[in-house]
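What follows is a set of notes on a single structure, which appears directly below.
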Amino acid sequence: MTNNRIEKIVIVGGGTAGWMTAAACGKLLKTSCEVELIESEALPPIGVGEATIPQINLFNKVLQLDEDDFVRKTQATFKLGIEFVNWTKLNHRYLHPFGSFGRDMEGVEFHHFWLKMRKNGSEKNIEDYSLAAVAAKKGRFTRPINIPNSPLAEIHYAFHFDAGLYAKYLRDFSEARGVIRTEGRVKQVIQHPDSGFIESLTLEDGRCVKGDLFIDCTGFQGLLIEQTLKTGYVDWREWLPCDTAIAVPCTSNGDPTPYTRSTAHTAGWQWRIPLQHRIGNGHVFSSQFMSSDEATSILLNNLDGEPLAEPREIKFNGGKRKRYWNKNVVAIGLSSGFVEPLESTAIHLIQSTIARLFSLFPTRDFRQEEIDRFNRLSDLEMDRVRDFIILHYIATERDDSPFWRYIQEMEIPEYLQNKIRMYQNSGRIYREDEELFNETSWLAVLHGQGIRPTDYHPVVDTLSLEEVRRRVDNVEAVIQRSSEEMPSHAEFIATHCKAQPMGKM
């Protein structure tokens, strides 16, 4: 019987995408095949993906990481959600927290009971029924605590970390598990004359690197997936007009918040990501409506502390590859496409692509039906993330600049239209086709952006208004008591995972 197993994987490009892929290969493939990563220190990674969503905990568990060690080594902090400022209108803010709102009752989602209360005069915000939201506002954090029937047992969280330190951490992890790192730049890509499959790479110093499966982690340039295989790109600028980011770190001026902040400006928005040793900042904007100089000025005038570096400009084109897997090349990270980092999805999309690759891990036959399924699922995931990001823009009262007036007039994808219409009519939200963001995420943004339903689930009316009020008030009381039992975010870090000052690591 002919051996058709993959014997050599070549990863081109380091950074977050490359070293996450290498770490997974080193851990899961063990000694079944050789893994080599090629990167050049002369080509620094973009490295602004410093915020994550809770799914990263699944990746960490697969790698069996020591979380405290991981947090210390990456100068990380914990994240309970994202605060949005000036998105719905000026001087307005809301939180998209991780985890659930309240508890489902009578087989119906909690928010339908809350909607009935609002129809009967209650002014309580949905955030009052989320432990993550309440704790975030109070600056508190803890990992889940094993207390039956307590919201403290179901705390969902993610991380903020230094992207450069994260790549280094995963590089050490990968090399300890047999991944070979090769310093160098690719000069030539050798393809099979008939099939077009990539056979080898020639480096600038003349070395030849052969492989069976090639992973493209070369960022926006897409060295293999695009420059070599001419795969094509789907442009989303009609829906997501932001195409540039200015990034700069600054000093911290207090305890780190357990949430990311996104503040809308006149032609885009600014991120604030608190780490143990600094704050990461960036201004994402549309070059059609604002110059880089103006965007940089806005960013520098809205920092919490002193800049720690010169502002760095990053150009991007929101969209996706027409195929993520083409022949024997799989694109992971920015080489596969990009959705602006408004909901911290960049690292998750790397993680989910890696998981999808291992689920459909090929032989050297590279069966087309498996490649087609990979591409179909990747397409669906990217489209749904795109729609969720668009929701933040189009559900707004802002018309104070040409950018926001353009947003208000643009057509939106049909899937998003239907999602909004169903919520407006009945308060119903459905998670479809295993899309990334669940019902509570959609609820947080729909409500936070000012969209209000005209009705709620009819089953709610099987309970009296007094009974609904009693149950809903009890949920709020439990949430408040639980939040008071949590230590401050700073105290939790100091007790469990305080990083050494930079330079002493």
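Sorting TRP442, TRP114 from the fewest to the most surrounding beta carbons within 10 angstrom yields TRP442, TRP114.
For the listed peptides 329-339, 70-80, a ranking on the average number of other beta carbons within 10 Å per residue, highest first, reads 329-339, 70-80.
Remark on segment 60-119: Rg and Dmax equal 18.0, 49 Å (Cα only). Ignoring solvent entirely, what values of log10 I(q)/I(0) come out of the Debye formula for the chain at 0.07, 0.12, 0.13 Å⁻¹ when each Cα is a single scatterer? Debye output, listed in q order: -0.40, -1.16, -1.33.
Could you please tell me the mean projected area of the C-alpha convex hull for segment 103-233, averaged over all directions and given in square nanometres to one decimal? Intermediate values should be presented prior to the final figure.
On the way: hull surface 63.4 nm².
Taking a quarter of the hull surface, the average projection is 15.9 nm².
Considering only the Cα atoms of segment 354-428, their convex hull presents on average a projected area of 7.6 nm².
Measuring nothing but how far apart in sequence close Cα pairs (under 8 Å, 6+ apart) lie, relative to its length, segment 161-218 scores a relative contact order of 20 percent.
Taking amide H as placed 1.01 Å from N in the peptide plane, the amide H of GLU199 sits under 5 Å from that of ILE190, GLN191, HIS192, each at least 5 places away or on another chain.
In the chain, the DSSP beta bridges split such that about 70 percent are antiparallel, to the nearest 5. Within straight-line reach of LYS30, meaning a Cα separation under 23 Å, sit the following lysines at least 8 residues removed in sequence or on another chain: LYS8, LYS61, LYS168, LYS210.
When the scattering of segment 1-81 is computed by the Debye formula from its Cα atoms alone, each counted once and equally, what is log10 I(q)/I(0) at q = 0.15, 0.22, 0.25 Å⁻¹? Those come out to -0.70, -1.20, -1.31, one per q. Summing Lys and Arg as +1 and Asp and Glu as -1 over all other residues whose Cβ lies under 9 Å from the Cβ of ARG364 gives a net charge of -2. Computed extension gain for LEU465 through ARG103, at 0.36 nm per residue and net of the alpha carbon distance, reaches 128.6 nm. If you wrap the tightest convex hull around every Cα atom of segment 168-304 and split its volume per residue, you get 185 Å³.
Could you sort the peptides 16-27, 343-354, 389-400 by per-residue average Cβ neighbour count (10 Å cutoff), highest mean leading? Don't jump to the answer; show the numbers that get you there.
On the way: 16-27: 26.2, 343-354: 24.1, 389-400: 18.7.
Going by the mean number of other Cβ atoms within 10 Å, highest first, we get 16-27, 343-354, 389-400.
Spatial offset of segment 48-74 relative to segment 135-153 amounts to 19 Å, using the alpha carbon center of each. Using equal-weight Cα scatterers in the Debye expression, the normalised intensity of segment 444-505 in log10 at q = 0.23 Å⁻¹ is -1.05. A Förster radius of 51 Å, combined with the Cβ-Cβ distance separating ASN60 from ASP400, puts the computed FRET efficiency at roughly 0.75.
Can you give the helix-only mean residue ellipticity at 222 nm for the chain, where every DSSP H stretch with n ≥ 4 adds -39500 (n - 2.57) and the sum goes over all residues, rounded to the nearest 500 deg cm²/dmol? Working shown, then result.
On the way: 14 runs with 169 residues, N = 505.
Roughly -10500 deg cm²/dmol at 222 nm, from the helical runs in the chain.
The numbers here are math on the coordinates, done by the rules we state, and not lab data. Note that the coordinates shown come from a computational prediction; the quantities given were computed from them, not determined experimentally. For neighbour counting, all protein chains shown are included, and Cβ atoms are generated from backbone atoms with ideal geometry for every residue, glycine included.
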